[in-house]
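The structure under discussion appears below in the form of structure tokens.
Just so you know, all these numbers are worked out from the coordinates, no wet-lab data involved. Since the model is a prediction, treat every value here as computed from it, not as a measurement. So basically every Cβ, Gly included, is an ideal-geometry build from the backbone, and we count neighbours across all protein chains shown.
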Amino acid sequence: MGDHWLRLLPKMPHFFHGLDIFPSLLHGDLWSGNAAQTAGGDPVVFDPAAVYGHHEFDLAISTMFGSLGRPFYTAYHQLIPKADGFDTRQKLYQLYHYLNHYNHFGAGYRGSCLRLMAELCTVSLP
């Protein structure tokens, strides 16, 4: 894993080139298991790991373990359109979550970490 990391580390700043990032208050653990609806149909999120960060960060984990549904993402991106490089940054933010899961829950997440690191190492830089 160390070899991948050494190749990826110098690339990471380029994934944010040209972006103006304004920290947002994030849920931090926004996935389908932490979202529901009230009896009246209003959305509810719970079990936060609140943090300030790039708004794209919350979306990364939301697609790792299920999904919040196409209507959610459509509405989200109508309000906040995808910036150039969005898909690459999603992989980087997913890597964070997979590394965190690897650390907390063990080797079952190692393969996902290595796969994402290898993919990110192949990204062409501007």
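Using the Cβ atoms and a cut-off under 14 Å, what net charge is assigned to the surroundings of Val45, where Lys and Arg are +1 and Asp and Glu are -1?
Details: positive: none; negative: Asp29, Asp42, Asp47, Asp58.
Once positives and negatives cancel, what remains is -4.
Reported to the nearest whole Å, the Cα centre-to-centre distance from the stretch 89-126 to the stretch 1-47 is 13.
By its C-alpha gyration tensor, with a ≥ b ≥ c as the square roots of the eigenvalues, how is the stretch 1-102 shaped: rounded for a/c under 1.5, else prolate for a/b larger than b/c, else oblate? Numbers along the way, then the final one.
Numbers: a/c = 2.23, a/b = 1.57, b/c = 1.42.
The shape class here is prolate.
For Lys82, what charge total do you get from the other residues with a beta carbon under 11 Å from its beta carbon, if Lys and Arg give +1 and Asp and Glu give -1? That works out to -2. For the stretch 1-107, the relative contact order comes to 27 percent (Cα pairs under 8 Å, sequence separation of at least 6).
Modelled spin labels at Thr74 and Gln37, positioned 7 Å past Cα toward Cβ, are 1.5 nm from each other. When the charge dipole of the chain is built from unit charges on Cβ atoms (+1 for Lys and Arg, -1 for Asp and Glu) and taken about the Cα centre, the candidate among Leu19, Leu116, Gln78 whose Cα reaches farthest toward its positive end is Leu116. Annotation: for a label point projected 7 angstrom from Cα along Cα→Cβ of Asp87, residues of the stretch 1-40 with backbone N closer than 18 Å are 15-17.
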